[in-house]
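Peer 1: This is the structure I have questions about; it appears just below.
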Amino acid sequence: MLGSTHGTLTTNSRHARVAACGRPPGPAVHVHGRSAAAEDVDVSGRPLHSAVPDLDRFFRPESVAVVGASDAEGRPNTGITRQLIAWAERVGARLHPVHPSRSAVFGLPCVPSVADLPEPVDLAVLLVRDPLPLVEELASAKVKFAVAFASGFAETGAEGAAAQARLSAAVRRGGLRLLGPNTNLNAFEEFREDLEGPAIALITQSGHQGRPVFTLQELGIRLSHWAPTGNEADLETADFISYFAARPEVGAIAMYVEGLKDGRSFLLAADRAARAKVPVVAVKVGRTETGARTAASHTGKLTGSDAVVDAAMRQFGVIRVDGLDELQDTAALLARARPPRAEGVVVYSISGGTGAHFSDLATAAGLPLPTLGAEKQAELHQWIPDDLSVANPVDNGGHPVGDWRGRKIIDAILADPSVGVLICPITGPFPPMSDKLAQDLVDAAEETDKLVCVVWGSPVGTEAAYRTTLLGSSRVATFRTFANCITAVRAYLEHHRFTAGYRSPFDDAPRTPSPSARKAQALLRPGEQLSEHAAKQLLRAYGIRVPREQLVTSAAAAVRAAGLVGYPVAMKASAPQLAHKTELGLVRLGLTSASQVRDTYRDLTDIARYEGVELDGVLVCQMVERGVEMVVGVTHDSLFGPTVTVGIGGVLVEVLRDTAVRVPPFGEDQARAMLTELRGRALLDGVRGMPPCDVDALVEVVLRVQRMALELGDDLAELDVNPLMVLPRGQGAVALDALAVCR
């Protein structure tokens, strides 16, 4: 386990985090209501900032009402009431039972209705089947927060969704904040108060899925909050991310998410966490159709396209993991480990086989394992036999661990300035050697500011070296599997790399339309798919280069156009709603003479007539052949709105499916990062004698398409630029074909 890493950061002031992290969390205003701190919106009218809800009185209320309280044996509400009374005593809150037919509950005076409460309350817990009739009463009583446990809402289908919409509307009118419905008691769990150091704040949409993280307290890792968001009729995951990111005691946020209420709110909250350098680690269900369908039926929220969700999380620094074991291990490490002094990882073991195995997996996962310098290797060979490799991984052969040499080796590795992380995999206990090794690692960790990790591979877990020595340490990160250690260390390095250079894309998002937007709006045809010629006019409006071409309506005009464009030419049928010209035989390439152009015009119009396609003409286009075919496009996601995609294009786009996606707004750094995610990225660097491509021009097209997506918003349902021919370096990129669908 790892100890406190924030030094004297014990104040409750959010300014303490500014000093610790070197960057303020952004425009943070704590509000009880829903109005944003400033009416700052982008060109599409979407907010660029979100208010941080003041949830202090939710988690630490001064007074609580329990509506539907009971002490009758055998009733579900009785157990809940008993737990709430115990929780209220722990947090120092006054609790008032509310029940129409009881004068006392568990010895506490009981009032018949909310209107009869003896004082204003911060939090009302609703143990009723239908919370809607109570909302107006709560609002009249100036209750700040309410929790609704009742189910039967959006998770049940259309009728339940309608009931939840009525509940949401009533909450908004009343001005209070609601957790739930379909939530549970996790917010009122007993948290250990004896643990120190930065804490994990937990958000879950399924209470049981948070149990592994909650039980980390038994291993000495502090938890500060648990927010079980349920159906999110009002308070949502994004609200709790924003709140937790501003809390000085929170070192990391761990989430189990089945769906998101609003994509933009989530991105703004993730942005706030990134500004504050608070890591967010998430399990997000929905990688498969089955998972998405099951998650939707559980909480009634949208899961969204998994590729888009994954990209959006990566874009804003949210670390996505798959298993709950990964969630607890990664969140624990990120919450408590100090920022890395260097990125180099050294693997140290008593077995050459163990070191080779772990190093193989670590390298495949992208961890940097630098070769130690000759001087450092010579130093290590003072204590390690010369026939053993100490380049990295470092194999000590076993025997040096048992005496004074073991600590010398560890200290020497940690002293190397290129080393930021030391990982020691111990595949099984072998006392007394493993006991001595564990103690040396703990002692060394106490005296270094570098990360020391141990993988204890024994399936038993009752050994003293593990249970007492390693878990008893506040400075060593202990794992049970190679995979979880590698996942957590990679996330640790990536998080600090990401936040060190993070600049919020919302700061630079366009707020006013460009002159291009006015030109483009005049070209749109609501509800229609534009012809290729019209779609290219749309691209021209945004400064995206298209080939020389003319739209003609006769064979003679086609011949004249070919002379002006310059041979060889391509000819393509042009019509709205015409998406797959090649499959219909409506594209001809490499025409070199007037007779070929004349004959091709007649062929294309004959085919179109046979297929029942009404043409607006035939395009005579400049041939552009030397380059790499890419695709750039815009689609709309149910959660996040417009998204921009780039990938390997041409006729194989649907076969290769080699694409990367981002959610606007994003900057040039993210546009370039999209290209690095492509499996075929090497094509742009030049292969098999081809020259390197004009990557700068490609990035510029991606950014211009993003601007188009932002400015045209919902009016542009879909854009597909394929192929975009990226020419050799310095020659630009040309959109050879385009499809645009208007909403």
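The values are calculated or read from the model by the stated rules, or taken from the named source; none is laboratory data. Since we're looking at a predicted model, the values are computed, not measured. Glycine also receives a Cβ, built like all others from the backbone with ideal geometry; neighbour counts cover every protein chain displayed. These accessible areas exclude ligands, DNA and RNA; they are computed on the full protein's heavy atoms, side chains included. Shrake-Rupley method; radii C 1.70, N 1.55, O 1.52, S 1.80 Å.
Peer 1: Explain nothing, just the number: relative contact order of the chain, from Cα pairs under 8 Å at least 6 residues apart, as a whole percent. Walk me through the numbers before you get to the answer.
Peer 2: Numbers: 1575 pairs, mean separation 76.2, N = 743.
Dividing the mean separation by the residue count of the chain yields 10 percent.
Peer 1: Within a Cβ distance under 13 Å of residue 695, other residues only, what is the Lys/Arg minus Asp/Glu net charge? Walk me through the intermediate numbers first.
Peer 2: Values: positive: 672, 681, 729; negative: 668, 685, 694, 696, 700.
Summing Lys and Arg as +1 and Asp and Glu as -1 gives -2.
Peer 1: Something else: Using DSSP, restrict attention to beta bridges with both residues in region 55-179 and report what percent are antiparallel, rounded to the nearest 5.
Peer 2: On the way: 2 of 19 bridges.
In region 55-179, DSSP labels about 10 percent of beta bridges as antiparallel.
Peer 1: Order 284, 261 by their accessible area, 1.4 angstrom probe, all chains in place, largest first.
Peer 2: Numbers: 284 10, 261 85 Å².
The ordering from most to least exposed comes out as 261, 284.
Peer 1: Can you run the Rg to Rh ratio on region 344-501? Use alpha carbon positions and the Kirkwood inverse-distance Rh. All intermediate terms of the calculation are to be shown ahead of the outcome.
Peer 2: On the way: Rg = 14.5 Å, Rh = 15.5 Å.
Ratio of gyration radius to Kirkwood radius: 0.94.
Peer 1: Once you list every other residue whose beta carbon is under 15 Å from the beta carbon of residue 78, what net charge do they have if Lys and Arg are +1 and Asp and Glu are -1? Spell out each step's value before the answer.
Peer 2: On the way: positive: 75, 82, 102; negative: 71, 73.
So the surrounding residues net to +1.
Peer 1: Here is a further query. Could you tell me which GluC sites (Glu not before Pro) in region 89-190 are loop residues by DSSP with no more than 12 other beta carbons within 10 angstrom of their beta carbon?
Peer 2: Details: sites: 89, 136, 137, 155, 159, 189, 190; in loops: 189, 190.
Counting only loop positions with at most 12 other Cβ atoms within 10 Å, the GluC sites (Glu not before Pro) in region 89-190 are 190.
Peer 1: Then there's this: Using alpha carbons only, what's the Rg to Rh ratio of region 458-524 with Rh from Kirkwood?
Peer 2: Numbers: Rg = 25.1 Å, Rh = 17.1 Å.
Ratio of gyration radius to Kirkwood radius for region 458-524: 1.46.
Peer 1: Largest first, how would 623, 725 line up by accessible area (1.4 Å probe)?
Peer 2: Working: 623 40, 725 5 Å².
The most accessible residue leads, giving 623, 725.
Peer 1: Next question. When the Kirkwood hydrodynamic radius is evaluated over all pairs of different C-alpha atoms of region 628-742, what value in angstrom, to one decimal, is obtained? Show your work: numbers first, answer last.
Peer 2: Values: mean 1/r = 0.0711 Å⁻¹.
That comes to 14.1 Å for region 628-742.
Peer 1: Using a 1.4 angstrom probe, figure out how much accessible area region 618-710 has per residue, in square angstrom, rounded to the nearest whole. Intermediate values should be presented prior to the final figure.
Peer 2: Working: 3780 Å² over 93 residues.
Computed with neighbouring chains in place, this is 41 Å² per residue.
Peer 1: Expressed as an acute angle from 0 to 90° and rounded to the nearest 10, what is the orientation of the C-alpha long axis of helix 352-364 relative to the principal long axis of the chain?
Peer 2: Approximately 50 degrees, to the nearest ten.
Peer 1: Helix 324-336 against the longest principal axis of the chain: what's the angle in degrees, Cα atoms only, rounded to the nearest 10?
Peer 2: So the inclination is approximately 80 degrees.
Peer 1: I would also like to ask the following. I need the GluC sites (Glu not before Pro) found in region 364-464, filtered to DSSP loop residues with at most 13 other beta carbons within 10 Å of theirs. Walk me through the numbers on the way to the answer.
Peer 2: On the way: sites: 375, 379, 446, 447, 463; in loops: 447, 463.
Taking region 364-464 and a limit of 13 other Cβ atoms within 10 Å, the loop GluC sites (Glu not before Pro) found are 447.
Peer 1: At 7 Å along the Cα-to-beta-carbon direction for both residue 218 and residue 90, put a label point, then send me their distance in nm to one decimal.
Peer 2: Distance between the two pseudo-spin positions: 1.6 nm.
Peer 1: Through the Karplus equation 6.51 cos²θ - 1.76 cosθ + 1.60, θ set to phi - 60°, convert the phi angles of region 564-571 into ³J(HN,Hα) values in whole Hz; use x for Gly and Pro.
Peer 2: Each residue of region 564-571 in turn: 6, 5, x, 6, x, 10, 10, 10 Hz.
Peer 1: Relative contact order of region 628-742: what whole-number percent is it, with Cα pairs under 8 angstrom and at least 6 residues apart?
Peer 2: In percent, rounded to a whole number, it is 31.
Peer 1: Could you size up the charge dipole of the chain around its Cα centre, putting +1 on the beta carbon of Lys and Arg and -1 on that of Asp and Glu, and report it in debye to the nearest 20? List each step's numbers first, then the result.
Peer 2: On the way: 75 positive and 86 negative charges, 279 e Å.
Dipole of the chain, to the nearest 20 debye: 1340 debye.
Peer 1: Roll a 1.4 Å probe over the protein chains and send me the accessible area per residue for region 497-605 in Å².
Peer 2: Working: 5270 Å² over 109 residues.
With all protein chains present, region 497-605 gives 48 Å² per residue.
Peer 1: Rg(Cα) of the chain divided by 2.2 N^0.38 Å? It would help to have the intermediate numbers written out before the result.
Peer 2: Numbers: Rg = 31.0 Å, N = 743, 2.2 N^0.38 = 27.1 Å.
It is 1.14.
Peer 1: Please list the non-local residues whose amide H lies under 5 Å from the amide H of residue 63, H modeled 1.01 Å from N, same-chain partners needing a gap of 5 or more.
Peer 2: Here the answer is 94, 122, 123, since their amide H atoms fall under 5 Å of that of residue 63.
Peer 1: Right, another one. Report the FRET efficiency, 1/(1 + (r/R0)^6), for residue 162 and residue 636, where r is their Cβ-Cβ distance and R0 is 35 Å, rounded to 0.05.
Peer 2: Details: r = 25 Å, r/R0 = 0.70.
So the FRET efficiency works out to roughly 0.90.
Peer 1: List the residues, sorted by chain then number, that are 5 or more residues from residue 321 or on another chain and whose placed amide H is less than 5 Å from its amide H.
Peer 2: Under 5 Å from the amide H of residue 321 lie the amide H atoms of 282, 283, 284, each far enough along the sequence or on another chain.
Peer 1: What are the extents of the Cα atoms of region 55-179 along their three principal axes, listed from largest to smallest and rounded to whole Å?
Peer 2: 42, 32, 25
Peer 1: Name the long-range amide H neighbours of residue 475: under 5 Å, sequence gap of 5 or more, or other chain; modelled H, no Pro or chain starts.
Peer 2: Amide H neighbours of residue 475, under 5 Å, 5+ apart: 3.
Peer 1: Helix-derived [θ] at 222 nm for the chain: sum -39500 (n - 2.57) over DSSP H runs of at least 4, divide by residue count, nearest 500?
Peer 2: Values: 24 runs with 260 residues, N = 743.
-10500 deg cm²/dmol, from helical runs alone.
Peer 1: Would you mind computing, in nm to one decimal, how far apart the modelled labels at residue 381 and residue 567 are, each placed 7 Å from Cα along Cα→Cβ?
Peer 2: So the label points at residue 381 and residue 567 sit 7.3 nm apart.
Peer 1: In what sequence, highest mean first, do 417-423, 176-182 appear when ranked by Cβ atoms within 10 angstrom? Don't jump to the answer; show the numbers that get you there.
Peer 2: Values: 417-423: 21.6, 176-182: 25.4.
Sorting 417-423, 176-182 by mean packing, highest first, produces 176-182, 417-423.
Peer 1: Please report, as a whole percent, how much of the solvent-accessible surface of the chain comes from carbon and sulfur atoms (probe radius 1.4 Å).
Peer 2: 51 percent
Peer 1: Of the beta bridges DSSP finds with both residues in the chain, what % are antiparallel, to the nearest 5?
Peer 2: Working: 46 of 100 bridges.
Antiparallel bridges: around 45 percent, rounded to the nearest 5.
Peer 1: For residue 350, what accessible area in Å² do you get when you roll a 1.4 Å probe over the heavy atoms of the protein chains, rounding to the nearest 10?
Peer 2: Surface accessible to solvent at residue 350 totals approximately 40 Å².
Peer 1: Please state the equivalent ellipsoid semi-axes for region 548-622: what are the square roots of 5 times the Cα gyration tensor eigenvalues, largest first, in whole Å?
Peer 2: Details: eigenvalues 73, 25, 24 Å².
Result for region 548-622: semi-axes of 19, 11, 11 Å.
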